[in-house]
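Below: the structure, in structure tokens.
The values are calculated or read from the model by the stated rules, or taken from the named source; none is laboratory data. All values derive from a computational prediction rather than experimental measurement. Here Cβ is always computed from backbone atoms with ideal geometry, including for glycine, and neighbour counts include all displayed protein chains. Surface areas here come from the heavy atoms of the whole protein model, side chains and all, with no ligands, DNA or RNA. Shrake-Rupley method; radii C 1.70, N 1.55, O 1.52, S 1.80 Å.
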Amino acid sequence: MAKIAFVGLGNMGGPMAANLVKAGHEVVVFDLAKAALEHAVEAGAVAAGSAGEAAAGAECVITMLPAGQHVESVYLGADGLLAQLATDTLVIDSSTIAPDTVQKVAKVASEQGIAFLDAPVSGGVGGAQAGTLTFICGGDAATFERAKPILANMGKNIFHAGGHGAGQVAKICNNLLLAILMSGTCEALALGVKNGLDPAVLSEIMKQSSGGNWALNVYNPWPGVMEGVPASRGYEGGFQVNLMNKDLGLAYDNAVKNQAPIPMGALARNLFSLHGLKGNGTLDFSSIQRLFLEGEQ
Ligand code: NAD
């Protein structure tokens, strides 16, 4: 069992760190939010006063932070971790950030002889809690093999997408598709309900038909259709609209850079952006359902 530092204990990082504790690792944690830190301590982790304190003597450091600027500041900032870590430390960043940011951090890591892996995840808070996340990794093969047994404590599908940043490219493509399919699912449900259909019955029909998709299977956006999902608890918890907007921004920037057309993604980006601007930024992204029901709720 390893000594693991875990930094960033939010909706995803909290349950991921708890699963490492359950697997028998010694987990030392840090988060800027006191409540998140206390929650992790209740799950059996040891609290540290800073990211540097958590990482001292750790064989592996894992970060699960909101966006690229947080990752840069934790690794490269004034008290940045990369300047403090021992050369044999394994560093895994599971945040969703730009591939360019990964390459910047990975370059500094490799100059210091530190093994770095980008390992963004898919599977949502439910997957983080159940330990069934999909990890989409970027880095060299040796670092990937080294990280695999640790990632297996938090996920069940572990992919090696390619070199540094490749994990993020695959993750960004996935979330672009997720935004399109979630908004399309909400649109179809709203149309059916306008016609007097029961949203649960319509969901079941589409699930077993050619419109079936991940949102209908495990993350139904219509309140009350599915138990245990954000839609059935006022869209609290889950994957924030703000974070989906961040990911759609990453996809858009990447598409511009690579001259790749993303007309469906651009439309989804506009919808989520409008929804966020209406004060829904901290709600789960399936709350985009409300945009299709304006004037009716
Ligand atoms: P979150 O906002 O719930 O949690 C982020 C945590 O990081 C917060 O507790 C915050 O206090 C902490 N933090 C921020 N800056 C910090 C710093 N400098 N030092 C220590 N802690 C710091 O976000 P989340 O939903 O857990 O998402 C984390 C990442 O995972 C994001 O990049 C997101 O895009 C990605 N992601 C989220 C989901 C999901 O369903 N929520 C799914 C897949 C991927």
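Anyone know which of Thr132, Thr96, Thr63 comes out most mobile in the 10 Å Cα GNM of the chain?
The residue with the greatest mean-square fluctuation here is Thr132.
How far apart, in nm, are the 7 Å Cα→Cβ label points at Asp253 and Asp88?
If labels sit at Asp253 and Asp88, their model points lie 3.7 nm apart.
Give me the compactness ratio for the stretch 169-293, meaning the Cα radius of gyration over 2.2 N^0.38 Å. Walk me through the intermediate numbers first.
Values: Rg = 14.3 Å, N = 125, 2.2 N^0.38 = 13.8 Å.
That ratio works out to 1.04.
Based on the alpha-carbon gyration tensor of the stretch 231-275 and its eigenvalue square roots a ≥ b ≥ c, which shape applies: rounded if a/c is under 1.5, prolate if not and a/b is larger than b/c, or oblate?
On the way: a/c = 3.55, a/b = 2.42, b/c = 1.47.
Prolate shape, in that a/c is at least 1.5 and a/b is the bigger ratio.
Full-extension gain between Ser110 and Glu236, please, as 0.36 nm times their residue separation minus the C-alpha to C-alpha distance. Mind dumping the intermediate values first?
Numbers: separation 126, 0.36 × 126 = 45.36 nm, distance 3.94 nm.
Gain on stretching Ser110 to Glu236: 41.4 nm.
Taking the chain as a Gaussian network, Cα atoms linked when under 10 Å apart, which of Met182, Met206, Met154 shows the biggest mean-square fluctuation?
Its mean-square fluctuation being the largest, the pick is Met206.
Relative contact order for the stretch 169-293: what is it in percent, counting Cα pairs under 8 Å that are at least 6 residues apart?
Numbers: 147 pairs, mean separation 40.6, N = 125.
Rounded, it is 32 percent for the stretch 169-293.
Write out the GluC sites (Glu not before Pro) in the stretch 200-263 meeting two conditions: DSSP loop, and at most 16 other Cβ atoms within 10 Å of their Cβ.
Glu227, Glu236
Once phi is turned into θ = phi - 60°, what whole-Hz ³J(HN,Hα) does the Karplus curve with 6.51, -1.76 and 1.60 give for every residue of the stretch 91-101, x standing for Gly and Pro?
Using θ = phi - 60°, the values come out as 10, 10, 10, 9, 5, 8, 9, 5, x, 4, 5 Hz.
Calculate the radius of gyration of the Cα atoms of the stretch 80-203 to one decimal place, then report Dmax, the largest Cα-Cα distance, as a whole number, both in Å.
Rg then Dmax for the stretch 80-203, in Å: 18.6, 63.
With the Cα gyration tensor of the stretch 39-84 giving a ≥ b ≥ c as the square roots of its eigenvalues, does the rule (a/c under 1.5 for rounded; else a/b larger than b/c for prolate; else oblate) give rounded, prolate or oblate? Please report the intermediate quantities before stating the final value.
Working: a/c = 2.22, a/b = 1.43, b/c = 1.55.
Cα axes put the stretch 39-84 in the oblate bin.
I need to check one value: relative contact order of the stretch 3-163, counting alpha carbon pairs closer than 8 Å and at least 6 residues apart, in percent. Could the numbers behind the result be given before it?
Numbers: 340 pairs, mean separation 31.1, N = 161.
It rounds to 19 percent for the stretch 3-163.
Run through every distinct alpha carbon pair of the chain and return the Kirkwood hydrodynamic radius in angstroms, one decimal place. Present the calculation step by step, with values, prior to reporting the outcome.
Numbers: mean 1/r = 0.0506 Å⁻¹.
Evaluated on the chain, it is 19.8 Å.
D for the stretch 3-163, whole µm²/s, Stokes-Einstein with Kirkwood Rh over alpha-carbon pairs at 4 °C and 1.567 mPa s: what number?
Values: Rh = 15.1 Å.
My calculation gives 86 µm²/s for D.
Enumerate the calculated ³J(HN,Hα) couplings along the stretch 104-114 in order (Karplus 6.51 cos²θ - 1.76 cosθ + 1.60, θ = phi - 60°), each rounded to whole Hz, writing x wherever the residue is Gly or Pro.
5, 5, 5, 5, 5, 4, 5, 5, 9, x, 9
Output ³J(HN,Hα) for the stretch 51-57: one whole-Hz value per residue in order, computed from phi by the Karplus curve 6.51 cos²θ - 1.76 cosθ + 1.60 with θ = phi - 60°, and x for Gly and Pro.
5, x, 5, 4, 7, 4, x
Out of Gly238, Gly68, Gly196, any idea which swings most in a Gaussian network model of the chain, alpha carbons joined below 10 Å?
Gly196
Take the cross-link list Lys207/Lys278; Lys246/Lys278; Lys156/Lys257 and give me the ones stretching past 25 Å between alpha-carbons.
Values: Lys207/Lys278 30 Å; Lys246/Lys278 16 Å; Lys156/Lys257 33 Å.
Check vs 25 Å cut-off fails for Lys207/Lys278; Lys156/Lys257.
Quick one: pull the percent of accessible area on the stretch 168-297 belonging to carbon and sulfur, 1.4 Å probe, ligands and nucleic acids left out. Numbers along the way, then the final one.
Values: 3710 of 6540 Å².
That fraction is 57 percent.
Got the relative contact order for the stretch 100-149 handy, in percent, Cα pairs under 8 Å and 6 or more residues apart?
Numbers: 41 pairs, mean separation 15.4, N = 50.
RCO, the stretch 100-149: 31 percent.
Using label points projected 7 Å from each Cα along Cα→Cβ, tell me how many nm separate Ser210 and Ala56, to one decimal.
6.3 nm
Mind giving me the nanometre distance, one decimal, between the label points for Ala260 and Val46, set 7 Å out from Cα along Cα→Cβ?
That separation, rounded to one decimal, is 4.3 nm.
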